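The values are calculated or read from the model by the stated rules, or taken from the named source; none is laboratory data. In this text the structure is predicted, and so the values were computed from the model without any measurement. In this analysis, Cβ positions are derived from the backbone assuming ideal geometry, glycine residues included, and neighbour counts consider all displayed protein chains. Side chains included, ligands, DNA and RNA excluded: accessible areas come from the protein's heavy atoms. Shrake-Rupley method; radii C 1.70, N 1.55, O 1.52, S 1.80 Å.
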Amino acid sequence: MIYSCFNTKMSLFTFVCFIVLGVVAGNEGIFKLQNVEKYSDSIRSAKILIDSFKDQHNLENNDIENKVESISKKFKVQEFFNKKNKTKLDWWQTGIIYEIYPRSFKDTTDTGIGDLRGIIEKIPYLKFLGISAIWITPIYTSPGFDMGYDIKDYRGIDELMGSMEDFDELTSKLHENGIKIILDFVPNHTSDEHEWFVKSVQRIEPYTDYYVWADAKYVNDTRQTPNNWNSIFGDTIWEWSEERQQYYLHQFYKQQPDLNFWNPLVREEMKDLLRFWMDKGVDGFRMDAIPNLYERQDLLDAPEHYGFPEKSGYTEAIDETFYEVNDWRALTEEYKKKDGNTRILLIETYLSPIETMKFYGNETNYGAHLPLNIVLVGLNHQPAREYIDKITEWMSNLPSGAWSSWTIGNHDLNPRPASRYGLEIIDGIFMVQFLLPGTPILYMGDELAMTDLYLREDQMSPYSIRSGNIRERSRTPFQWNSSPQAGFTNHPKPWLPVNPNYVTINVDNELNAKRSHLKIFKEIMDLRKLDAFRTGDLELYEISEYVFAFSRSNSFFKTYFIVLNLGSEIEIVDLTKFKKIISSKLTVKISSLFAEQKNGDIVSSKSIHLRPSSALVLESSFY
């Protein structure tokens, strides 16, 4: 079955040609036009097309060629050359965004903890990858209870990470190398050690209502929480302050009190902080925990489902949350007007696709550039239909003019993609993530196919132990080479253990190998630069129960097919059953590490052998 996700306009010449060919070919239904760029640049191209139809469909009528030539002359083919008016893409649309977890990237101070100078040192590697921007997880001054997501000073750099001078140098050198910098920003909550919270506890103005405070309920003289709401971690959302004699709300740890966004002073504080960092040259923000920004003001008890209180409409996805993102976007647009440079907003959200789309805003009130899309995360070796349904649901709900993102891993998602999907299929998963329409967001080390590591309880956070979501497994140090501690640090005991497979899975080894996940990743990155993958049409195919494929094209005469075997058996694929307008021979542009075919091989479009968990990028060309 074929699923069409985009439509294009066709030229008059191609329309007439297809009418003629359709009459001759009869009612075979071979001229499905949804996703084809319809143009011809010469009579030669028309002849090539006719020859292909003869070859594939046994069309013997010599009159076809004469009719097409006469049509071409009559309508002056050269005047119908492709003149599709493509909107110029911005930097955040043409490249990829690379997430760096600084504590685990590169240690230059021999503390066993990565730092800003480590990122500076590895800029050549980032440039080699060809990324457009890095997203850095929090580097602000912090007690470190939640690894930087508990911020004590939004305008400071944590001493473990370095200094503000290091940050300025990093920003400057990244820009010199054509790489943007995006900061992780945490507006929902602060550390309980933040000056604002300390003063709020003491009711010092104007900070008294900077956080969400509520009186206790008393039943039979027993103090109870204001309502039944739960935090993200499953316990009560309320914590008692003996000093203030009230409860404060925390969506996450009790050490992370929630700011009160109903207070206009808080909203202005956040905008001032965004201005501070944009003035320092930051190119955008990844906004953390945004669905939780607002809570119901009436503190009404939430209905419970299977013993768990409802969150949507009570502690997340409140309408004002989406309006707040609109205000932040307006602020970034003000800066763009000054110098023409776009500062982007990435929104962390785990809401349903339909709810997530609200973060885009609308044509008159812009929202985020990229709500982070995780629909691929739950897809491992599921049937092809699952891939098609998830991708179709996302793409079909995109607002007009919206641009998609694609994520399969980050510092919070466990296990890492190579552990979740498997080393054999990870190249194919990257083909899906990077060659669908939109901007891929890559977590550091995934390009090497780094895997998860077993950890003892004493190496885990309290949240990991309690929830079973061992986030630290995907936060182990980056594997640079096969030297002790994988080249991450000279310290004998880094903050987290290095995965022992660093001996083979590391940058140096994969760069020197004849074929590796890193080299295949680079091939995908280079191919993605083609217009077909940036602005081309998309079709999705359910080849068989466990073979998923899609095609990208912005030219009638050249189409790229990505074919992925999600199953455990060899499959023989006949693409002509799904795409009638296809060359009889296809060129293998990229093959996964364990595929039977090699780059440059020529295969029949009617008989493509796919090993289990293998994937191919194929080119169909009439030139």
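Of note:
- Just so you know, the averaged projected area of the alpha carbon convex hull for the range 100-158 sits at 4.3 nm².
- Of the beta bridges in the chain, as assigned by DSSP with both residues counted there, near 65 percent are antiparallel.
- Across the range 118-202, the convex hull enclosing all Cα atoms gives 94 Å³ per residue.
- The range 204-250 shape via C-alpha gyration tensor axes, a/c threshold 1.5: oblate
- Surface share of carbon and sulfur [accessible, 1.4 angstrom probe, percent] for the chain: 49
- Counting Cα-Cα pairs of the range 454-563 in 10 Å increments starting at 0 gives whole-percent bin shares of 12, 24, 22, 25, 14, 2.
- Backbone geometry of the range 430-439 corresponds, through the Karplus equation with coefficients 6.51, -1.76 and 1.60 at θ = phi - 60°, to 3J(HN,Hα) couplings of 5, 4, 5, 4, 8, 10, 6, x, x, 10 Hz, x marking Gly and Pro.
- Built amide H within the under 5 Å cut-off of Asp153, gap 5+: Thr141
- Sorted into 10 angstrom bins from 0, the C-alpha pair distances of the range 142-276 split as 11, 36, 30, 15, 6, 2, 0 percent.
- Seen from all directions on average, the range 492-553 presents a Cα convex hull projection of 7.7 nm².
- Inter-probe distance in nm under a simple model that places probes 7 Å from Cα toward Cβ, at Lys271 and Glu176: 3.6
- Most positive-pole-ward Cα, Trp328, Thr342, Leu300, against dipole of the range 276-345 from beta carbon charges: Thr342
- Rounded to the nearest 0.05, the FRET efficiency derived from the C-beta distance between Asp168 and Glu242 at R0 = 45 Å is 0.60.
- Cα-based Kirkwood hydrodynamic radius, the range 533-598, one decimal, Å: 13.0
- Cα-projected label distance for Asn362 with Leu331, points at 7 Å along beta-carbon direction, nm: 2.4
- Of the peptides 339-350, 595-606, 442-453, the order by per-residue mean of other Cβ atoms within 10 Å, starting with the highest, comes out as 442-453, 339-350, 595-606.
- About its Cα centre, the dipole of the chain is roughly 2980 debye, where the only charges are +1 on Lys and Arg Cβ and -1 on Asp and Glu Cβ.
- In nm, spacing of pseudo-spin labels at Glu310 and Glu457 (7 Å Cα→C-beta vector): 3.8
- Solvent-free Debye scattering, log10 I(q)/I(0), computed from the Cα coordinates of the range 294-390 at q = 0.10, 0.25 Å⁻¹: -0.40, -1.21
- Applying both filters, DSSP loop and at most 14 other Cβ atoms within 10 Å, to the trypsin sites (Lys or Arg not before Pro) of the range 269-298 gives Lys280, Arg296.
- Just so you know, the Cα atoms of the chain work out to an Rg and Dmax of 27.3, 97 Å.
- Total formal charge among the other residues, if their Cβ is under 13 angstrom from that of Asn373, Lys/Arg +1 and Asp/Glu -1: -2
- Hz values of 3J(HN,Hα) by residue in the range 565-570 - Karplus curve (6.51, -1.76, 1.60), Gly and Pro given as x: 8, 8, x, 10, 10, 5
- Extension gain for Asp209 to Asp339 (0.36 nm times residue separation, less C-alpha to C-alpha distance): 43.1 nm.
- Of Thr476, Asn565, Pro494, farthest towards positive along the dipole that unit charges on Lys, Arg, Asp, Glu beta carbons give the range 453-573: Pro494
- With R₀ set to 45 Å, the beta-carbon distance separating Glu545 from Lys514 gives a calculated FRET efficiency near 0.85.
- When the charge dipole of the range 392-541 is built from unit charges on Cβ atoms (+1 for Lys and Arg, -1 for Asp and Glu) and taken about the Cα centre, the candidate among Gly536, Ile505, Phe430 whose Cα reaches farthest toward its positive end is Ile505.
- Estimated at 0.36 nm per residue, the fully extended path between Thr587 and Gln202 surpasses their Cα-Cα distance by 131.6 nm.
- Dividing the summed helix terms, -39500 (n - 2.57) for each DSSP H run of n ≥ 4, by the number of residues in the chain produces a 222 nm estimate of -8000 deg cm²/dmol to the nearest 500.
- Inter-part distance, the range 397-438 to the range 572-618, computed on C-alpha centroids, equals 22 Å.
- Considering only Cα atoms, the convex hull volume of the range 151-193 works out to 72 Å³ per residue.
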